Amino acid sequence: MRAKRKGEIDKDPLCYFFLNLKEGEKSMSNIKGVHEEHKRSALKTISWRIIATSTTMFLVYVFTGQLELTAGVGIGDAGLKVIFYFLHERGWNRITFGRSLGGTVKSAMRSPPVTALPSDTVSSIVQKLITFDIGAVIVTDGNKHYGLITERDILKRVLRTNKDPTKTFARDIMSSPLTTVEYNKSLTHALKIVHDKRIRRLVATQKGKVVGILTERRILEALI
């Protein structure tokens, strides 16, 4: 495939789309999950221990009047409890009991989802991505759901391999199987799936029928 000239790039929706993709990926990569990071737990541990240990040392000095004993108790107290408190925080961060995000998948999903047939060309799919200002389409044919095509799939499997987008079909580049979540599940549940599977999008279903698409971005926006 020959390189396109500047004038051709302006007219080609595929080229136009990917010229603007890089900036979108940057902004998406800056969004982090709502789980607490290790460094945050560590800073919370240190700040709390400064307060707690200072209180303990003050009480020891008040009751004993011995600076050496006060210092020894402070050092031992701080060292052990920093370790135990950090482990305690990390342990609770893994437990979802009692922690929930407001709303359900239905409240944050895009519905109805934009779809494509397995026989649709990549060129027509890119046109849909541009028209609807979205990052993915679901490949479906009636009640059969085959996979998902994202802008990244097109970049990796079409542009980088120099395939002709007008002669390459959805079934050739889609990612499958679909990762789904029921529309009435909590956003906490959806976010856990996204985090565990290291993906950005979920397909929302209702009794097996596709009813929407949910992105990591939409989940996080629902928290604000």
Subject >> Members of Lys44/Lys185; Lys144/Lys167; Lys167/Lys207; Lys167/Lys192; Lys156/Lys207 lying beyond 28 Å, as alpha-carbon distances in this model show >> reply: Lys44/Lys185; Lys167/Lys207; Lys167/Lys192; Lys156/Lys207
Subject >> Cα Rg over Rh - region 113-152, Kirkwood >> reply: 0.93
Original post:
Hey, if you put +1 on the Cβ of every Lys and Arg and -1 on every Asp and Glu Cβ in region 38-93, which of Ser41, Met57, Gly74 ends up farthest toward the positive end of that dipole?
Top reply: Ser41
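All of the numbers you see were taken from the coordinates with simple rules; none came from a lab. Just so it is clear, the model here is predicted, and its values are computed rather than measured. Cβ coordinates were reconstructed from backbone atoms using ideal geometry, including for glycine residues, and neighbour counts include every protein chain displayed.
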